[in-house]
Number of protein chains: 2
Amino acid sequence: MAGAGHGARGRSGGRPTLEEVAARAGVGRGTVSRVINGSPRVSDATRAAVEAAVAELGYVPNTAARALAANRTNAIALVVPEPETRFFAEPYFSDMLRGVGAGLSDTEMQLLLTFAGSDRKRQRLAQYLAAHRVDGVLLVSVHADDPLPEMLDQLEIPAVISGPRSAGETLTSVDSDNYGGARSAVEHLMARGRRTIAHITGHLDVYGAQRRVDGYRDALRDAGREDDELLVAEGDFTEEGGRRAMARLLAHRPDLDAVFAASDVTAAGARQVLREAGRRIPDDVSLVGYDDSAIARHMDPPLTSVRQPIEEMGRAMIDLLLTEIADRRPAASRGLERRQAVLPTELVVRASS
Amino acid sequence: MAGAGHGARGRSGGRPTLEEVAARAGVGRGTVSRVINGSPRVSDATRAAVEAAVAELGYVPNTAARALAANRTNAIALVVPEPETRFFAEPYFSDMLRGVGAGLSDTEMQLLLTFAGSDRKRQRLAQYLAAHRVDGVLLVSVHADDPLPEMLDQLEIPAVISGPRSAGETLTSVDSDNYGGARSAVEHLMARGRRTIAHITGHLDVYGAQRRVDGYRDALRDAGREDDELLVAEGDFTEEGGRRAMARLLAHRPDLDAVFAASDVTAAGARQVLREAGRRIPDDVSLVGYDDSAIARHMDPPLTSVRQPIEEMGRAMIDLLLTEIADRRPAASRGLERRQAVLPTELVVRASS
DNA sequence: AGGTACTGTGGGAGCGCTCCCACAGGTGAT
DNA sequence: ATCACCTGTGGGAGCGCTCCCACAGTACCT
């Protein structure tokens with residue numbers, strides 16, 4: 001309330017304004033604003049006086065006023081275009097969120113968590129974006145046909161996507177080396193003396209899943225191995241998908257002696273089917289997963305897995321997004337300087353291979 | 001979608017304002033505001049006209065202006081007073097976040113995710129709160145000596161805590177029935193014919209962990225069983241803590257034939273030590289965990305566990321918080337009507353018991 | 001001397017809303 | 001006729017900032 005709460009102006013609870021700080025420091029409103037925002041055009045003496053006043057009064061800028069006047073929000077949204085369930089089922093997201101949080105902790109930016117799993121939520125999200133409630137958007141796990149990136153582009157809202165949708169992704173993107181990670185997994189299995197290496201893919205409308213297939217294929221081909229279609233079964237990153245794919249693989253190629261799964265969760269499903277079929281891990285069949293999640297460590301036997309530096313990816317996304325926001329230009333310079341970051345993966349060898 | 005389609009109106013990128021909608025509808029600014037905010041004091045005809053204008057122009061209220069004028073933010077913060085790492089290590093948080101997201105999806109409220117794991121982050125958090133950047137706060141996983149609740153109280157910011165800090169918690173709280181959950185676990189073990197039932201506790205400065213000990217004790221006592229101090233070992237919810245506690249229990253009471261652990265992760269640690277000691281699960285020792293997390297399902301053998309309705313707890317927290325925000329009063333009526341929600345638990349029986 | 005170009009500073013003019021007062025026009029009781 | 005008291009409406013007065021223009025002061029040229 002405007003005039004209501006003037007009684008409590010004493011210590012805590014009283015929220016000083018710029019004007020009050022200015023009065024206290026004996027300067028003008030503009031000068032305080034300059035100090036607060038780190039403008040260099042302030043003399044050292046004045047700056048010191050203002051900073052003292054700020055400290056004395058415990059001044060904290062009002063975000064809403066700032067956002068209104070400056071037409072920016074100091075907030076970014078992490079948009080998850082899936083139902084909440086999926087988001088948390090895969091540790092991938094948590095790790096990413098962690099990196100994002102870390103990257104943000106040095107800034108004034110606030111993180112908004114937004115789910116766009118249902119149509120209603122999409123609707124609302126569209127409104128938020130239209131209202132320019134955030135300065136930028138982080139997109140994770142976007143499927144190939146999602147209209148969201150298009151929309152962001154039209155609204156000219158800076159955005160960074162994790163996992164490009166295709167080789168020609170137009171948005172700034174951050175990715176891990178899916179291709180190289182898959183290669184290293186397959187090469188590891190070959191080095192272990194495995195002859196017949198199968199692959200359970202991820203959802204193939206996810207570009208990263210395709211790249212893993214490429215890495216798997218190329219690793220085999222470069223080693224002069226057979227590249228049998230029957231050794232590749234399509235999964236969808238889920239446990240159930242892993243089970244189904246594994247069952248198909250065993251039916252078609254009962255002689256397989258290694259499986260490279262596109263996620264740890266998928267590997268868990270595969271493991272179960274292998275067990276039920278009487279195959280021992282790693283004695284009869286080597287198993288390698290992807291993500292190096294907690295599940296990999298807790299599996300019996302512990303699962304060899306390809307670690308993605310997901311946390312660093314989160315950090316990288318923030319860095320790129322902040323850059324985009326900082327030099328937000330009249331959209332003229334777009335497309336020319338598409339930014340991209342690809343971070344390396346690492347094979348973590350455990351007992352399953 | 002909402003705003004994007006109507007692109008070519010007036011200045012490019014210029015979002016329509018209340019005033020423009022008013023002009024279009026042939027009414028005053030105040031009337032439009034009333035319609036937008038669902039005030040009943042508008043005639044049906046006027047309301048219809050305004051709504052038409054809003055639709056035509058693709059009007060979306062400016063959040064910052066609204067927040068500034070109304071002195072509220074339409075945002076709430078989920079504050080995690082721990083390092084990000086801990087937050088994501090336990091599925092507990094993810095589930096809760098899911099419930100919170102679900103509870104929020106029917107409202108205009110935005111969710112801010114805030115970590116307060118380091119001192120610097122605490123500092124910043126304090127600033128946010130002081131700046132009244134959010135209308136309310138959700139606190140999860142607060143330890144007994146945390147100053148945060150106190151601060152929120154002083155700032156008169158509505159807050160709901162998950163897991164009260166003590167029996168006399170002053171904040172509105174949501175909890176699951178820790179006592180009942182523990183009882184049902186122990187009663188289940190007794191029904192299975194187990195005679196010597198040990199308990200590995202959680203961090204005892206967490207009230208819920210204490211309540212589980214109470215439930216364990218009372219279940220035994222009510223059944224006329226011995227209540228041996230040597231059967232209770234203090235843990236801290238972690239795997240490593242579970243290992244250490246289990247080792248101690250085996251040393252003191254090698255005759256134990258059942259263990260009730262205060263978390264699944266703890267149970268995982270206990271399981272490892274039991275294995276190494278040559279005890280078979282469940283043949284020699286029954287094992288029951290708490291949380292019914294993914295780990296429980298993936299353990300070998302699958303772990304019997306007490307399920308908390310964490311997602312519903314998240315929902316409940318939101319409901320309570322929104323209520324508090326809605327009837328935010330001059331703090332006079334505080335303490336009198338302490339709200340509390342306690343949700344039931346459920347024992348999920350698997351092969352480990 | 002005046003001219004030019006800085007640096008540092010004060011403060012007016014909004015940003016787009018909500019709040020609230022004023023007031024028109026209707027109703028019913030006096 | 002007066003009064004009281006509704007309902008619905010318009011619009012002024014801010015909310016606390018940022019932006020930007022004006023301008024004093026200083027410095028270094030012609």
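The values are calculated or read from the model by the stated rules, or taken from the named source; none is laboratory data. What you see is a predicted model, and the numbers here were worked out from it, not measured in a lab. Counting neighbours? That spans all protein chains shown, and the Cβs are built from the backbone with ideal geometry, glycine included.
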Give me the residue from the range B:28-47 that is hydroxyl-bearing (S, T, Y) and under 38 Å from the mean Cα position of the chain (by Cα) and, out of that set, farthest from DNA strand C (Cβ to nearest atom). B:S39
Subset of the range B:16-27 that is surrounded by fewer than 18 Cβ atoms within 10 Å (Cβ to Cβ) and away from chain A (no Cβ under 14 Å) - its residue that is farthest from DNA strand C (Cβ to nearest atom): B:G26
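Considering only the range A:31-50, how many residues are part of a helix (DSSP H, G or I) and either surrounded by 12 or more Cβ atoms within 10 Å (Cβ to Cβ) or of a type in the set (A, V, I, L, M, F, W, C) (or both)? If you could, list the steps in order and put the result at the bottom.
Filtering the range A:31-50 down to residues part of a helix (DSSP H, G or I) leaves A:31-36, A:44-50.
If we keep only those that are either surrounded by 12 or more Cβ atoms within 10 Å (Cβ to Cβ) or of a type in the set (A, V, I, L, M, F, W, C) (or both) too, we end up with A:31-36, A:45-50.
Count: 12.
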Just need a number here: residues in the range A:90-138 that are in contact with a strand residue (DSSP E or B) (Cβ under 9 Å, 6 or more places away or on another chain), of a type in the set (S, T, Y) and within 30 Å of A:A296 (Cβ to Cβ). 3
Taking the range A:112-132 and keeping only residues that are crowded, with 23+ Cβ neighbours inside 10 Å and more than 27 Å from A:A209 (Cβ to Cβ), one is left with A:L129
A:A53 fails exactly one of (1) crowded, with 20+ Cβ neighbours inside 10 Å; (2) outside any loop (DSSP other than H, G, I, E, B); (3) modelled with pLDDT under 90, namely (3)
Is there any pair linking a residue in the range B:37-55 that is more than 14 Å from every other protein chain (Cβ to nearest Cβ) to one that is away from DNA strand C (no atom under 14 Å from the Cβ), with Cβ under 8 Å and at least six apart or on different chains, and which? B:A49/B:G26
Select from the range A:1-20 the residues that are modelled with pLDDT of 65 or more and more than 40 Å from the chain's Cα centre (by Cα) and list them in ascending order. A:E19, A:E20
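May I ask you to verify whether B:L112 is touching a residue at least 24 places away in the same chain (Cβ under 8 Å) and touching a helix residue (DSSP H, G or I) at 6+ places or on another chain (Cβ under 9 Å)?
Details: touching a residue at least 24 places away in the same chain (Cβ under 8 Å): yes; touching a helix residue (DSSP H, G or I) at 6+ places or on another chain (Cβ under 9 Å): yes.
Judged against the criteria, B:L112 is a match.
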What are the pairs with Cβ atoms under 6 angstrom where one residue, in the range A:20-34, is closer than 9 Å to A:A53 by Cα and the other, located anywhere, is more than 6 Å from DNA strand C (Cβ to nearest atom) and not in a helix (DSSP H, G or I)? Sequence gap at least six, or different chains. A:V21/A:Y59
Looking at B:T114, B:T107, can you tell me which residue is assigned to a loop (DSSP other than H, G, I, E, B) and within 19 Å of the chain's Cα centre (by Cα)? B:T107
Please find, among B:D135, B:D146, the residue that is crowded, with 23+ Cβ neighbours inside 10 Å, more than 9 Å from chain A (Cβ to nearest Cβ) and not small (G, A, S). B:D135
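Any idea which of A:A64, A:A55 is within 17 Å of B:Q127 (Cα to Cα), within 8 Å of DNA strand D (Cβ to nearest atom) and not basic (K, R)?
Details: A:A55 fails: within 8 Å of DNA strand D (Cβ to nearest atom).
Unique residue meeting the criteria: A:A64.
Can you find, within the range A:149-170, the residue that is farthest from the other protein chains (Cβ to nearest Cβ) among those that are assigned to a loop (DSSP other than H, G, I, E, B) and of a type in the set (G, A, S)?
Pass one, the range A:149-170, residues assigned to a loop (DSSP other than H, G, I, E, B): A:156-158, A:163-170.
Within this subset, residues satisfying the condition of being of a type in the set (G, A, S) are A:163, A:166-168.
Values: A:G163: 19, A:S166: 23, A:A167: 27, A:G168: 23 Å.
Among them, the one singled out is A:A167.
Residues checked against (1) within 9 Å of chain A (Cβ to nearest Cβ); (2) at pLDDT 80 or above:
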position	(1), (2)
B:G58	yes, yes
B:R66	yes, yes
B:A69	yes, yes
B:E82	no, no
B:R86	no, no
B:A89	yes, no
B:F93	yes, no
B:R98	yes, yes
B:T107	no, yes
Only one of A:R244, A:R253, A:R211, A:R221 that is surrounded by 15 or more Cβ atoms within 10 Å (Cβ to Cβ) and more than 28 Å from A:S141 (Cα to Cα): A:R253
Note on B:A296: of the conditions (1) more than 22 Å from B:P164 (Cβ to Cβ); (2) assigned to a strand (DSSP E or B), unmet is (2)
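Just to be sure, is A:R120 of a type in the set (K, R) and in a helix (DSSP H, G or I)? It would help to see each step written out before you state the result.
Working: of a type in the set (K, R): yes; in a helix (DSSP H, G or I): yes.
Yes; evaluated as a whole, the condition is true for this residue.
Table: residues versus (1) surrounded by fewer than 22 Cβ atoms within 10 Å (Cβ to Cβ); (2) closer than 19 Å to A:V186 by Cα; (3) not assigned by TED's automatic domain parsing to the domain that holds A:Q154.
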| residue | (1), (2), (3) |
| --- | --- |
| A:F260 | no, yes, yes |
| A:A268 | no, yes, yes |
| A:E276 | yes, no, yes |
| A:A296 | no, yes, yes |
| A:M299 | no, no, yes |
| A:I318 | no, no, no |
Selection status of B:G117, within 25 Å of A:A65 (Cα to Cα), of a type outside the set (A, V, I, L, M) and away from DNA strand D (no atom under 16 Å from the Cβ): no
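So for the range A:66-74 (the condition being touching a His at 6+ places or on another chain (Cβ under 8 Å) and either assigned to a helix (DSSP H, G or I) or closer than 24 Å to A:R315 by Cβ (or both)), does at least one residue qualify?
Within the range A:66-74, the first condition is being touching a His at 6+ places or on another chain (Cβ under 8 Å), and the residues that meet it are A:71, A:73.
Still in the list and also either assigned to a helix (DSSP H, G or I) or closer than 24 Å to A:R315 by Cβ (or both): A:73.
Checked against the condition, which is being touching a His at 6+ places or on another chain (Cβ under 8 Å) and either assigned to a helix (DSSP H, G or I) or closer than 24 Å to A:R315 by Cβ (or both), the range A:66-74 yields at least one hit.
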The residue that is farthest from the chain's Cα centre (by Cα), considering only those in the range A:250-264 that are assigned to a helix (DSSP H, G or I) and within 21 Å of A:D300 (Cβ to Cβ), is A:L250
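Here is a list: A:L287, A:L336. Which entry is of a type in the set (A, V, I, L, M, F, W, C), assigned to a loop (DSSP other than H, G, I, E, B) and either over 19 Å from the mean Cα position of the chain (by Cα) or modelled with pLDDT of 95 or more (or both)?
Working: A:L287 fails: assigned to a loop (DSSP other than H, G, I, E, B).
Sole residue among the options that is of a type in the set (A, V, I, L, M, F, W, C), assigned to a loop (DSSP other than H, G, I, E, B) and either over 19 Å from the mean Cα position of the chain (by Cα) or modelled with pLDDT of 95 or more (or both): A:L336.
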